[in-house]
1. Considering the chain as a Gaussian network with a 10 Å cut-off on Cα pairs, which listed residue, His356, His91, His99, attains the greatest mean-square fluctuation?
2. If I fit a long axis through the Cα atoms of helix 74-90 and take the longest principal axis of the Cα atoms of the chain, what angle between them do I get, 0 to 90°, rounded to 10?
3. Would you mind listing how long the stretch 309-373 runs along its three principal axes, going by Cα atoms, in whole Å with the largest first?
4. Per Stokes-Einstein, at 10 °C and 1.306 mPa s, what whole-number D in µm² s⁻¹ belongs to the stretch 92-240, with the Kirkwood radius over Cα pairs as the hydrodynamic radius?
5. Using alpha carbons only, how many degrees (0 to 90, rounded to 10) separate the axis of helix 179-207 from the longest principal axis of the chain?
6. What is the sum of charges around Pro275, taking Lys and Arg as +1, Asp and Glu as -1, for the other residues whose C-beta is under 13 Å from the C-beta of Pro275?
7. Output the 0 to 90 degree angle, nearest 10, between the alpha-carbon long axis of helix 346-355 and the longest principal axis computed from the alpha carbons of the chain.
8. Could you tell me which of Ala76, Phe63, Ser38 has its Cα farthest along the dipole of the stretch 33-92 towards the positive end, charges placed at Cβ (Lys, Arg +1; Asp, Glu -1), taken about the Cα centre?
Amino acid sequence: MDRTASSPPPLLPLGESKGEEKKQTQLVFDAIRLRNESSIPSQFIWPEDEKPSLDAEELQVPFIDLQGFLSGDAFAASEASRLVGEACLRHGFFQVVNHGIDPRLIAAAHNYVDAFFSLPLPEKQRAQRKPGESCGYASSFTGRFTSKLPWKETLSFRYSASQPVVEDYFVDVIGDDFRQFGEVYQEYCEEMNRLSLGIMELLGLSLGVGRTHFREFFQGNDSIMRLNYYPPCQKPDLTLGTGPHCDPTSLTILHQDQVGGLQVFVDSEWRSISPRTDAFVVNIGDTFMALSNGKFKSCLHRAVVNCSTARKSLAFFLCPGVEKVVRPPTQLVDKENPRQYPDFSWSALLDFTQKHYRADMNTLDAFSKWLLQSSSAQVPHVPIKSPFLSSRP
Ligand SMILES: O=C(O)CCC(=O)C(=O)O
């Protein structure tokens with residue numbers, strides 16, 4: 001759609017700083033208009049070597065049937081943990097089916113994504129994410145970065161295993177009319193919490209540290225839920241919906257709608273993971289990679305967009321409680337397997353990714369280096385005999 005005199009440009013100058021030499025203009029990604037534009041603003045055009053392949057081959061990841069495990073069958077638990085372990089040693093991605101989450105709840109969560117993102121921009125901006133914060137509404141990352149911008153809008157909010165903060169968030173920040181949104185996402189997050197603690201049992205079994213170790217570690221988790229909305233783009237071969245990154249969090253449970261767009265970097269190639277309504281895509285994040293002493297992989301992934309259909313995904317990011325020290329269990333550390341990363345708190349890593357570093361495939365190494373350089377006096381002493389900085393897959 002060509003812009004007309006009466007329709008303002010989708011990238012609106014929000015404000016200008018009165019610098020002596022140069023003006024700085026902040027942009028807004030107004031998806032409702034941009035989705036039909038035949039050319040896209042340069043800030044959304046990715047460099048040649050990062051441009052997407054829209055026809056990536058399928059990545060064969062295991063489908064873990066959780067039914068037996070969830071009903072207490074010990075053999076099913078050991079089989080599921082074996083498959084989970086194999087996937088996590090290789091790339092850290094697998095899918096779960098028969099997970100016990102009501103499909104009506106998943107459908108409702110997707111419907112509310114549509115409802116929220118089709119609101120006029122000023123309404124969505126009631127929840128505008130502030131600089132340095134990890135929660136709120138973000139129309140692309142125009143306020144934070146000036147290049148390689150993602151073609152998406154997101155709404156992120158906190159989930160706490162101890163308080164109904166999701167419900168409160170919608171009412172307090174967006175308004176009383178959004179109470180039902182809050183109720184649905186509160187319930188959805190509670191189910192994600194339950195599922196992720198179950199998966200923590202499988203991860204504990206597959207790492208040989210027992211069923212309860214990681215479950216207990218994440219019992220009082222302080223997690224993040226993100227709603228992703230990718231509008232159509234008339235130049236999908238030039239941009240990315242979500243740029244390549246490893247999740248800094250511990251475990252991600254993703255539900256994608258039927259459109260498709262998730263890609264994972266495995267064996268030096270981008271591969272896609274096609275949607276399946278009855279499955280959740282699960283992946284290890286950097287914090288769990290540190291908890292496993294580098295054994296289980298946090299893998300680079302991204303999302304591509306298309307020219308005809310908006311895509312939605314629901315991402316629950318399990319994170320430790322704020323006071324927790326991230327340190328692998330003693331069984332995973334010995335002479336042959338020295339410590340790979342220093343102790344850290346999740347809040348320090350979150351702060352690093354919000355204020356100092358744009359998450360990519362090297363976040364954990366960069367963070368470890370930064371921790372050691374900038375605050376060695378404050379980091380709890382960890383006796384290690386090897387360099388922290390491992391070479392990443
Ligand atoms: O939408 C997707 O498929 C991926 C989303 C993602 O990687 C993220 O939200 O961090």
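1. His356
2. 60
3. Principal extents (Cα only, largest first): 52, 27, 25 Å.
4. Working: Rh = 17.2 Å.
Answer, rounded: 92 µm²/s.
5. In the chain, helix 179-207 runs at an angle near 30 degrees to the longest axis.
6. Working: positive: Arg276, Arg311, Lys312; negative: Glu58, Asp257, Asp278.
For residues surrounding Pro275, the net value is 0.
7. The answer is roughly 30 degrees.
8. Of the options given, the answer is Ser38.
No value in this document is a laboratory result; all are computed from the given coordinates. All values reported here derive from a predicted model rather than from experimental measurement. Glycine gets a Cβ as well: all are built from the backbone with ideal geometry, and neighbour counts include every protein chain shown.
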